1. Taking square-rooted eigenvalues a ≥ b ≥ c of the alpha carbon gyration tensor, is the chain rounded, prolate or oblate, where a/c under 1.5 means rounded and, failing that, a/b exceeding b/c means prolate?
2. What distance in nm separates the two pseudo spin-label positions at E50 and A277, each 7 Å out from Cα along the beta-carbon direction?
3. In deg cm²/dmol and to the nearest 500, what is the mean residue ellipticity at 222 nm of the chain if only DSSP H runs of at least 4 residues count, each as -39500 (n - 2.57), divided by the residue total?
4. When a/c reaches 1.5 or more, the comparison of a/b and b/c decides; with that in mind, is the stretch 184-275 rounded, prolate or oblate per its Cα gyration tensor?
5. Could you sort 115-128, 64-77 so that the peptide with the highest average Cβ count within 10 Å comes first and the rest follow in order?
6. Nearest 10 degrees, 0 to 90: what angle lies between the long axis of helix 62-75 and the longest principal axis of the chain (Cα atoms)?
7. Does the stretch 1-133 come out rounded, prolate or oblate, given a ≥ b ≥ c as the square roots of the eigenvalues of its C-alpha gyration tensor, rounded meaning a/c under 1.5 and, failing that, prolate meaning a/b above b/c?
8. Angle check, please: helix 157-168 long axis (alpha carbons) against the longest principal axis of the chain (alpha carbons), in degrees 0 to 90, nearest 10.
Amino acid sequence: MRRLVAIVNSAAGSADDEALSRVLAELAEHADTVKTRLDDPAELDGLLAEHPGRDPVVLGGDGSLHCLVAALAGRGELGSRTVGLVPLGTGNDLARALGVPLDPVEAARVAATGEPRSLDLLRDEDGGIVVNAAHAGVGVEAARTAQPLKPFLRRFAYAAGSVIAGVRTRGVPLRVEVDGAVVADGRRRVLMVGVGNGRTIGGGTPITPDASPADRLADVVVSFATGPLRRLLYGVQLRLGRHTARADVVTVRGSRVRVSGPPVWVNTDGELSGPYASRTWTVAPHAWRMTLPPG
């Protein structure tokens, strides 16, 4: 029987006590499970240290998963502990890409009984990690616009934010290089740069629709759709996953991505940071493990 530590993120999603009880009961039915509650991500290191030999199962969203993987990376335990996920966030984008059930009880069963699989990780030059996606430009503005809408629109808030930001944002003259090849030279305005390990952001918006979290490559999308009507149409087509067919959008794949130019804010797994004049992400192939459905 597997030994698990269930980490309940107090700030993630809106799961009620009854739903949490059913999830914890499902975990306990299939594995030796202890429950912990996390009020601050800074507590993760100590929590993991208190439960050596137990694989962590996070009950939360992409942000919670990001914090857990970052903590394991900091402890040098990515190779020794397998992560489980019960998606209780508002977006749950990596769960969608990996086929983790969005039903919490079904996800708990997978976390306790599924198959460990190795997944890629993106690392930046400061030691930070990306489990799902990083992006700059209109997507960041969409996330900022969506934030106050989340209590009302839930996972559809990002879709509304994308359309609004598409109208407002003019783009930034960024230079984008993928494995040393220049994708954008910095002389032309870029509406958005997306670097995907997973496929979607914001609760299902397919920014890199063909990405695979285990193929040892990052998918990169660069949009030059900076005219007023083009911005609006790009926002709509981005939500529908049709943006990569546009003539003013470039898609490439690679193991090292560098973005530079005027300082910009970056959204990493749903969290904003920056602004940065330069940011580089490098793929760490099969750097961590998650328990996933068979097949």
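Bear in mind that the values in this text are calculations on the coordinates, not laboratory data. Keep in mind that this is a model prediction, so the values were computed, not measured. In this analysis, Cβ positions are derived from the backbone assuming ideal geometry, glycine residues included, and neighbour counts consider all displayed protein chains.
1. Numbers: a/c = 2.11, a/b = 1.67, b/c = 1.27.
Judged from the Cα gyration tensor, the chain comes out prolate (a/c at least 1.5, a/b above b/c).
2. Placing both labels 7 Å along Cα→Cβ, they lie 4.4 nm apart.
3. On the way: 9 runs with 89 residues, N = 295.
After summing the helix terms and dividing by residue count, I get -9000 deg cm²/dmol.
4. Numbers: a/c = 1.37, a/b = 1.11, b/c = 1.23.
Note, shape of the stretch 184-275 comes out rounded.
5. Numbers: 115-128: 16.6, 64-77: 20.3.
The packing order, highest mean first, is 64-77, 115-128.
6. Helix 62-75 and the main axis of the chain meet at about 70 degrees.
7. Details: a/c = 1.40, a/b = 1.26, b/c = 1.11.
The shape class here is rounded.
8. The helix 157-168 is inclined about 20 degrees to the chain.
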